[in-house]
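S.K.: Let me begin by handing over the structure; questions about it come next.
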Amino acid sequence: FLETSGLSGLAVTVGTTDRIIWSQGFGYADLEQNVPIDPALTKFRVGSTAKSMTAVAMGQLYEAGKLDLDAPIQKYLTTFPQKSGAITSRLLAGHLAGIRHYDGIEEFLSDVPYESVIDALDIFADDPLEFPPGTEFGYSTYGFNLLSAVLERAAGESFLDYLAEYVFAPAGMASTVPDFVYPLIPHRSRYYEIDDGVILNALWVDNSNKWAGGGFLSTSEDLVRFGQAHFSDALLRP
């Protein structure tokens, strides 16, 4: 697959419910410096797998009695504008709330360093809903941004701190971190794109606009640990 796809490299990790049974890296995490991929160390962008991590946090806060899944989000986020219908955490998590997704090339050209998840809501907070809440399915990364702001208020601490303490640590995900642009993050892979069969450096992107929907770095082994944690009570009750 690596040869036929033209990718610079990949990591593959396979696990059962309680252990990793095979893990191997192929190709390079950094082509210019010839850094090979190590599945235990190389940190890739996990993309929308972050939504599953956010969903765990939502489940935990629901279990703790801190989050009403069916209450209007303004119960927790009083500053978010009222819309044409009631938006709830349950609808946001199911992509049923009508919050828009990326507009055009927003996904790849964000260059604004947002200080908090609340600040990042400015991207879409004043936009109309795509449809009345609960009437249609419309995949939305920004919907998960809004959900993370609700979770932050329900938890009483920052969204990133909560995930680090209550999701990543209990699952043994020591290599899973936010994809901050400026700090040096050990073993972060380089980002590439393929243009007419040629591998090029990808455009610079600041992912602070979407932690909950796609803003984390992780290893393939950490992602297997995340899956394994769902076979026990490490993260959620059965």
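The values are calculated or read from the model by the stated rules, or taken from the named source; none is laboratory data. All values derive from a computational prediction rather than experimental measurement. Don't worry about glycine lacking a Cβ; one is built from the backbone with ideal geometry, like all the others, and counts go over all protein chains shown. Surface accessibility is based on the protein's heavy atoms, side chains included, excluding ligands, DNA and RNA. Shrake-Rupley method; radii C 1.70, N 1.55, O 1.52, S 1.80 Å.
S.K.: Top to bottom by accessible area (1.4 Å), largest first, where do R19, R100 land? Don't skip to the answer; put the middle values down first.
M.R.: Values: R19 140, R100 30 Å².
Largest accessible area first, the residues go R19, R100.
S.K.: If packing is taken as the average count of other Cβ atoms within 10 Å, what order do 223-230, 149-156 fall into, highest mean first? Mind dumping the intermediate values first?
M.R.: Working: 223-230: 19.0, 149-156: 22.0.
Highest-to-lowest ranking by the protection proxy: 149-156, 223-230.
S.K.: What's the local net charge at Q33, with K and R +1, D and E -1, over the other residues with C-beta under 15 Å away? All intermediate terms of the calculation are to be shown ahead of the outcome.
M.R.: Values: positive: R188, R190; negative: D30, E32, D38.
Once positives and negatives cancel, what remains is -1.
S.K.: For K75, list the lysines whose Cα falls under 16 Å from its own Cα; do not include residues on the same chain fewer than 8 positions away.
M.R.: K66, K83
S.K.: Skip the ligands, DNA and RNA, and give the accessible area per residue of the chain with a 1.4 Å probe, whole Å². Write out the running numbers ahead of the final one.
M.R.: On the way: 12100 Å² over 238 residues.
I get 51 Å² per residue for this part.
S.K.: If packing is taken as the average count of other Cβ atoms within 10 Å, what order do 39-51, 136-148, 174-186 fall into, highest mean first? Mind dumping the intermediate values first?
M.R.: Working: 39-51: 18.9, 136-148: 22.0, 174-186: 14.5.
Order by mean packing, descending: 136-148, 39-51, 174-186.
S.K.: Right, something else. For the chain, what is the relative contact order in percent, using Cα pairs closer than 8 Å and at least 6 residues apart in sequence? Numbers along the way, then the final one.
M.R.: On the way: 421 pairs, mean separation 70.4, N = 238.
Relative contact order comes out at 30 percent.
S.K.: When Cα extents along the principal axes in Å is calculated directly from the model, which label among [x] 52, 41, 32; [y] 69, 37, 32; [z] 57, 41, 30 fits?
M.R.: Label [x] holds the value from this structure.
S.K.: Under a 5 Å amide H to amide H cut-off, with H placed in plane at 1.01 Å, what residues pair with I99 once short-range neighbours are removed?
M.R.: Those qualifying (amide H under 5 Å, at least 5 residues apart or on another chain) are E130.
S.K.: Now a separate question. Below 8 Å between Cα atoms, with a sequence gap of 6+, how large is the relative contact order for region 60-102 in percent?
M.R.: Here the relative contact order equals 32 percent.
S.K.: Summing +1 for each Lys or Arg and -1 for each Asp or Glu, what net charge is found among the other residues whose Cβ lies under 13 Å from the Cβ of V12? Kindly include the intermediate steps, with their values, before the conclusion.
M.R.: Details: positive: none; negative: D38, E221.
Summing Lys/Arg as +1 and Asp/Glu as -1 gives -2.
S.K.: Percent of accessible area on region 11-145 owned by carbon and sulfur, 1.4 Å probe? List each step's numbers first, then the result.
M.R.: Details: 3630 of 6930 Å².
Summing carbon and sulfur atoms, their accessible area is 52 percent of the total for region 11-145.
S.K.: Amide H to amide H under 5 Å from D206: which residues, 5+ apart in sequence or cross-chain, H placed 1.01 Å off N in plane?
M.R.: Amide H to amide H, under 5 Å and 5 or more residues apart or across chains, D206 pairs with S110, D111, V112.
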